[in-house]
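Engineer: First the structure, then my questions, so here it is.
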Amino acid sequence: MHGEIDAQRKQNGRFIITGSSSPTLINEVSETLAGRVAIVELGTLKCNEHYGLPLSPFYSIFESKLSKNLPFGDTPPPLTRDQIQRCWFYGGYPEPSLGNDAQRYAVWMNNYKDTYLNRDVAKLFPKLNRQTYRRFLTMLCKLSGTIINKSQMGRAVEASESSIRDYFEIANGTYIWRIVSSYEALAAKSITKMPKGYIRDSGLLHYLLGIHDMESLMSDPVVGASFEGFVCEEIAKGLEATNVTNWSVHYFRSRGGAEVDLVLEGPFGVLPIEVKYGSSVKTSGLKSLTAFIRDNSLPMGMLINQSDRVEWLTPEIVQIPAGWL
C-alpha cells in the first residue's frame with residue numbers, strides 16, 4: 001500500500017491524518033508540497049505486528065555506527081520458529097493472514113490478483129497488454145530472489161526488452177516487486193551489475209506459484225529464495241519503522257561467483273547479511289561473506305537463519321535467528 005499523508009502537527013510525535021491518495025491523485029497536484037506533506041509507504045504486516053509485539057531491539061543497532069555490542073544478551077528470540085514460519089508462508093496482508101480459514105485465504109488472494117491485474121494496473125496503464133503482463137508476473141514469481149537477465153526474460157514472455165523494463169517499473173511502482181541493485185563500491189572488483197529482486201509479500205508469491213502448504217514449500221526449489229525475500233522484506237519494513245533515514249538495500253556478486261544476499265548501507269555504515277532458511281550452517285559456507293567483510297574493512301557481518309540463539313560463528317560473523325527480526 002502507498003499513502004500520502006497530509007498531516008498537521010499538533011505537537012511532537014502527534015499528527016492528524018486526513019486521508020490517503022492514489023498515484024493518479026498525486027500526479028494532479030499542481031503546486032509543490034515540499035515540507036508540508038509526507039509520503040509514507042505502508043507495507044504489509046510485519047511479523048511482530050501480526051502477533052501484537054513491539055519492534056524488535058534488533059533495529060537499535062542501526063541508530064549509530066555498527067559495532068559488535070548487540071542488544072540481545074542470552075534471551076530467546078521474541079518470535080518462535082513456528083511463528084516465523086507461519087508469517088513466511090502466509091505473508092502479511094492483514095485480512096487473509098490473520099484468519100485461520102484456508103478457503104477464505106485462497107479466495108482473498110485470488111480476488112487480490114484479479115483486482116490488481118484487471119482494475120488497478122488496467123486503470124493506471126490503459127495501453128498495457130495485460131495478457132503479456134500476466135505472463136511476466138508468472139515468470140517474475142519463478143525468478144524471485146535471483147539476478148534478472150531482461151533479454152532472456154523478454155524472450156521467455158515474448159516481449160521486447162524495453163517492454164520488460166516497463167513491466168519491472170510497473171511491478172516495482174505498484175509495490176509487488178522490490179528491486180535490489182548491485183553493490184558497486186568495490187570498483188576494482190569484477191562484479192555482476194544486473195539487478196536482483198523479489199516478490200515483496202511471501203504469501204502472494206506462494207499463492208501465485210501454487211504452493212498451498214508448508215510441506216510443499218519445503219520441497220520446492222524456490223524455498224531458499226522465498227525465505228531470503230521474506231527476511232529482506234522484514235528488515236526493510238523494520239528499518240522503515242525506525243527514525244533511520246537515507247538507507248538502501250543492495251546485493252553483491254562477483255563474476256567469480258562470490259555472493260552476499262543483502263548489503264545494507266546507511267548512516268550506520270555497511271552491513272553485509274547472508275540468509276539461510278536452515279537452522280545451521282558450516283563456516284565453510286561463509287567464505288563469500290568473510291571475504292566481503294575483509295575487502296571492505298567492515299567491523300562485522302550477519303547470518304540470519306532459523307536457529308534458536310544468537311552466536312558468533314567467527315570473530316566477524318554473528319548468527320541471528322529470524323525470530324529477532
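The values are calculated or read from the model by the stated rules, or taken from the named source; none is laboratory data. Given the structure is predicted, the values throughout are model-derived calculations rather than measurements. Note that each Cβ is placed from the backbone with ideal geometry, even for glycine, and that neighbours are counted across all protein chains shown. Areas reflect the complete protein model, heavy atoms only, side chains present, ligands, DNA and RNA absent. Shrake-Rupley method; radii C 1.70, N 1.55, O 1.52, S 1.80 Å.
Engineer: If you build the Cα gyration tensor of the stretch 31-132 and take the root of 5 times each eigenvalue, what three semi-axes come out, in whole angstrom, biggest first?
Structural biologist: On the way: eigenvalues 234, 123, 28 Å².
The equivalent ellipsoid of the stretch 31-132 has semi-axes of 34, 25, 12 Å.
Engineer: Using unit Cβ charges (K, R positive; D, E negative) and no other charged atoms, how large, in debye to the nearest 20, is the dipole of the stretch 146-276 about its Cα centre?
Structural biologist: Numbers: 12 positive and 17 negative charges, 105 e Å.
The calculated dipole for the stretch 146-276 is roughly 500 debye.
Engineer: List the Cys residues of the chain that have no partner Cys with a C-beta closer than 4.7 Å.
Structural biologist: Here Cys141, Cys232 come out as lacking a disulfide-compatible partner, given the Cβ-Cβ threshold of under 4.7 Å.
Engineer: On to the next question. Given a 1.4 angstrom probe, I'd like the percentage of the accessible area of the stretch 47-159 that is carbon and sulfur, rounded to a whole number. The partial results should precede the final answer.
Structural biologist: Values: 3230 of 6490 Å².
On the stretch 47-159, the fraction of accessible area on carbon and sulfur atoms equals 50 percent.
Engineer: Can you compute the modelled spin-label distance between Lys142 and Tyr175, with each label point 7 Å from Cα toward Cβ, in nm?
Structural biologist: If labels sit at Lys142 and Tyr175, their model points lie 2.9 nm apart.
Engineer: Something else now. Report relative contact order for the chain in percent, whole number only (criteria: Cα-Cα under 8 Å, sequence separation at least 6). Intermediate results must be reported in sequence, preceding the final value.
Structural biologist: Working: 487 pairs, mean separation 55.9, N = 325.
Across the chain, relative contact order equals 17 percent.
Engineer: Excluding residues fewer than 8 places away in the same chain, name every one of the aspartates and glutamates whose C-alpha is closer than 14 Å to that of Lys282.
Structural biologist: Straight-distance partners of Lys282: Glu274, Glu311.
Engineer: Any lysines with Cα under 22 Å of the Lys65 Cα? List them, leaving off those in the same chain fewer than 8 positions away.
Structural biologist: Lys237
Engineer: Here's another thing I want to ask about it. At what distance in nm do the modelled label points of Asp166 and Asp82 sit from each other, each positioned 7 Å from its Cα along Cα→Cβ?
Structural biologist: In this crude label model, Asp166 to Asp82 measures out at 5.0 nm.
Engineer: Considering the dipole of the stretch 42-168 built from charges on the beta carbon (Lys and Arg +1, Asp and Glu -1) around the Cα centre, which of Asn100, Gly73, Thr146 is farthest to its positive end?
Structural biologist: Towards the positive end, the residue furthest out is Thr146.
Engineer: To the nearest 20 debye, what is the magnitude of the charge dipole of the stretch 202-325 about its Cα centre, counting +1 on the Cβ of each Lys and Arg and -1 on the Cβ of each Asp and Glu? Mind dumping the intermediate values first?
Structural biologist: Working: 8 positive and 15 negative charges, 79 e Å.
Rounded to the nearest 20 debye, it is 380 debye.
Engineer: Further question on the same structure: Filter Lys68/Lys287; Lys46/Lys113; Lys123/Lys193 down to the pairs with a C-alpha to C-alpha distance above 30 Å, please.
Structural biologist: Details: Lys68/Lys287 20 Å; Lys46/Lys113 21 Å; Lys123/Lys193 33 Å.
Listed pairs above 30 Å: Lys123/Lys193.
Engineer: If each residue of separation counts as 0.36 nm, what is the full-extension length gain between Trp312 and Leu42 once their alpha-carbon separation is subtracted? Please report the intermediate quantities before stating the final value.
Structural biologist: Details: separation 270, 0.36 × 270 = 97.20 nm, distance 3.39 nm.
So the extension gain works out to 93.8 nm.
Engineer: Using helices alone, I'd like the mean residue ellipticity at 222 nm for the chain: each DSSP H run of four-plus residues gives -39500 (n - 2.57), total over residue count, nearest 500. Don't skip to the end; give the middle numbers.
Structural biologist: Values: 12 runs with 111 residues, N = 325.
About -9500 deg cm²/dmol.
Engineer: I want to check the label-to-label distance for Glu265 and Lys287. Put each point 7 Å from Cα in the C-beta direction and report it in nm to one decimal.
Structural biologist: Result for the modelled spin labels: 2.6 nm.
Engineer: Subtracting the Cα-Cα distance from 0.36 nm times the residue separation, let me have the gained length for Ser67 to Lys193 in nm, one decimal.
Structural biologist: Numbers: separation 126, 0.36 × 126 = 45.36 nm, distance 2.90 nm.
Working it through step by step, the gained length comes to 42.5 nm.
Engineer: Using 0.36 nm per residue of separation minus the Cα-Cα distance, give me the extension gain between His212 and Ser60 in nm, one decimal. Working shown, then result.
Structural biologist: Values: separation 152, 0.36 × 152 = 54.72 nm, distance 3.58 nm.
Full-extension gain reported as 51.1 nm.
Engineer: For the stretch 145-271, max minus min Cα coordinate along each principal axis, in Å, sorted largest first?
Structural biologist: Extents along the principal axes, in whole Å: 40, 34, 30.
Engineer: Further question: Taking the Cβ-Cβ separation of Ser151 and Leu117 as r and a Förster radius of 30 Å, what is the calculated FRET efficiency to the nearest 0.05? Don't skip to the answer; put the middle values down first.
Structural biologist: Numbers: r = 25 Å, r/R0 = 0.82.
Once rounded, the FRET efficiency stands at 0.75.
Engineer: Ok, one more. May I ask you to order 155-168, 121-134, 267-280 by the average number of other C-beta atoms within 10 Å around their residues, highest value first?
Structural biologist: Going by the mean number of other Cβ atoms within 10 Å, highest first, we get 267-280, 155-168, 121-134.
Engineer: Same structure, new question: What whole-number distance in Å separates the alpha-carbon centres of the stretch 69-113 and the stretch 296-317?
Structural biologist: Here the answer is 25 Å between Cα centres.
Engineer: For Lys127 and Val107, what is the calculated FRET efficiency with R₀ set at 25 Å and r taken between the beta-carbons, to the nearest 0.05?
Structural biologist: Values: r = 31 Å, r/R0 = 1.22.
Taking R0 as 25 Å, the efficiency between Lys127 and Val107 is 0.25.
Engineer: Let me have the relative contact order for the stretch 131-202, percent, based on Cα pairs under 8 Å that are six or more residues apart. Let's see the in-between values first.
Structural biologist: Values: 77 pairs, mean separation 26.7, N = 72.
Worked out over the stretch 131-202, it gives 37 percent.
Engineer: Once you sort the root eigenvalues of the Cα gyration tensor of the chain as a ≥ b ≥ c, which label holds: rounded (a/c under 1.5), prolate (a/b larger than b/c) or oblate (the other case)?
Structural biologist: On the way: a/c = 1.35, a/b = 1.21, b/c = 1.12.
Since a/c stays below 1.5, the shape of the chain is classed as rounded.
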